[in-house]
1. Within segment 361-369, does at least one residue satisfy the condition of being away from the ligand (no atom under 16 Å from the Cβ), closer than 15 Å to S70 by Cβ, under 24 Å from the mean Cα position of the chain (by Cα) and assigned to a loop (DSSP other than H, G, I, E, B)?
2. Any idea which of (1) within 16 Å of E72 (Cα to Cα); (2) of a type outside the set (A, V, I, L, M); (3) within 14 Å of the ligand (Cβ to nearest atom) is the one T351 doesn't satisfy?
3. Return the only residue of R231, R264, R245 being away from the ligand (no atom under 16 Å from the Cβ) and either at pLDDT 95 or above or more than 30 Å from V147 (Cβ to Cβ) (or both).
4. Give just the number: which of (1) away from the ligand (no atom under 15 Å from the Cβ); (2) part of a helix (DSSP H, G or I) does R250 not satisfy?
5. Can you tell me which residue is farthest from the ligand (Cβ to nearest atom) among those in segment 103-118 that are among the aliphatic types (A, V, I, L, M) and closer than 16 Å to F270 by Cα?
6. Which of the residues belonging to segment 434-453 are farther than 17 Å from V182 by Cβ and not hydrophobic (A, V, I, L, M, F, W, C)?
7. Scan segment 358-394 for residues that are among the β-branched types (V, I, T) and free of Cβ contacts under 8 Å to residues at least 12 places away in the same chain and report the count.
8. Against the conditions (1) surrounded by fewer than 22 Cβ atoms within 10 Å (Cβ to Cβ); (2) more than 13 Å from Y434 (Cα to Cα), where does V329 fall short? Just the number, please.
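The values are calculated or read from the model by the stated rules, or taken from the named source; none is laboratory data. As the structure is a computational prediction, the values presented were derived from the model and not from experiment. Neighbour counts are summed over all protein chains in view; Cβ atoms, including those assigned to glycine, are modelled from backbone coordinates with ideal geometry.
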Amino acid sequence: APHAPIDEPQTIPERPALPLIGHAFDLPKGADGHDHLMKEVKEMGPVFRMRAFGAETVIIGGLDLVTELSDESRFRKSLSPDLIEVRRFAGDGLFTAFNHEPNWRKAHDILMPAFSLGAMRSYHGTMLRAARSLIAKWDRAVGAREVDVPEDMTRLTFDTIGLCGFGYDFQSFRRDQVHPFVGAMSRALAFTQDKVESVPGAELFKRKQAEQFRRDVDLMTDLVDEVIRQRRSSGDTRTDDLLGRMLHTRDAVTGEPLDDVNIRNQVITFLIAGHETTSGALSFALYYLTKHPAVLARARAEVDALWGDADTPEPGYGDIGKLTYIRQVLNESLRLWPTAPGFAVEPLQDTVIGGKYAVRKGRTLTVYTPALHRDPAWGENVELFDPERFTPEREEKRPVHLFKPFGNGERACIGRQFALHEATLLLGLLVHRYRLIDHADYQLKIKQTLTIKPDGFTLELARRAGSE
Ligand code: HEM
């Protein structure tokens, strides 16, 4: 009953479940999983419990509860079983560190200055250089062949984090396939995900995959060690990129630098966290631009006002802040498809949430952002792609916790400015230069690893002419 007193807390609703197996068989994998979960949020309400093989989670999909869970005096980040598995290759890197591990605070403090808005000024030129490698490739594809959007966005974001973070050039646009690190990483993430979703012990029957996993982890570790070795042996002591900061600055509190194993974990973390999500966000934005000609026309008007019909525009650092409509397009894409589609928290003490549900200390509560981002507080037609939701006037009125693509609080995304700067620059350049031809009448299909992206999205390209 809605008026139950707080001292008699209710249990969180759940569907009838089979013993042991729980709800595992109800959960469709991959893309359909999202349709299923969003439907569950609609039918079961903004909080319900789900069980699969002993692992249990509570799904949270509504504004009031997310607002409550965002209170850091009561809740902190929880590592979901997937993230615990990812620790097998990212260790105590920022993303997968437990709150109690001292290296989290240390690395956070050392790295924060490298992600300030001001730091973006120093990455801008490098981001532009990476964008131009993509453009050179797309120019060659004009009138000749289709481009695979998510693949090329992955090349772009991977090269960008390599160059800006570690001064290392992965040269992804010179390769037919994505860089071997990306392949190894995708397989390793799929392996860990699979392990979490299947019957305990099933991995015993997957010797081959387990061996492949070990090879993939070795490949990632060896590559990262090589990146670090190159920098060390170059004698370069710059501190204006991520690697330089980690190697040559000390933590203000302890006076210590990060240790070598932790630096390796951070580099792997940044290579993963720094590209998958941004590449997905760019792909969704291009998808929506392709399907919404009026939005595309406004985005073009915005870049044309800055760069006219220059064949090779020279976007300055300051231009990015002026591309406000393109930023709205990105935000609206991240609303509908937040590419890291959730984050988990846990109560610091036994508590009651939503005024009535008892929750034990340490219990994982998963904020499912695709549902939060469709909460009725967004207004009507929440499924409609509409960048007007992000005008400054409407942003000001929006409840603080209604839009959470970058997570919450201290453990929120450290790379947010980096991602937005990079993505805004690239989208601006692409809509300025090309007509995007939806040759296959693409129907959105979502591919899920730890992150989500449009699967099999290809475009044909033409150069714009005159006022097209
Ligand atoms: C954390 C999303 C881009 C590095 C997070 C979290 C989310 C997120 C939701 C919180 C995860 C949790 O609470 O468990 C995104 C999205 C991006 C993006 C949607 C792009 C559109 C980036 C980039 C970098 C990055 C470009 C690095 C250059 C990280 C790191 C953390 C993190 C290191 C962990 C922070 C900590 O716990 O201290 N991100 N991210 N992300 N992100 Fe991002």
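1. No, there is no match, as no residue in segment 361-369 is away from the ligand (no atom under 16 Å from the Cβ), closer than 15 Å to S70 by Cβ, under 24 Å from the mean Cα position of the chain (by Cα) and assigned to a loop (DSSP other than H, G, I, E, B).
2. Against the list (1) within 16 Å of E72 (Cα to Cα); (2) of a type outside the set (A, V, I, L, M); (3) within 14 Å of the ligand (Cβ to nearest atom), T351 comes up short only on (3).
3. Checking each option against the conditions leaves just R231.
4. So R250 meets the others, but not (2).
5. My answer is I110.
6. Listed by number, the residues that qualify are Y434, R435, D438, H439, D441, Y442, Q443, K445.
7. The number of residues fulfilling the criteria is 1.
8. (1)
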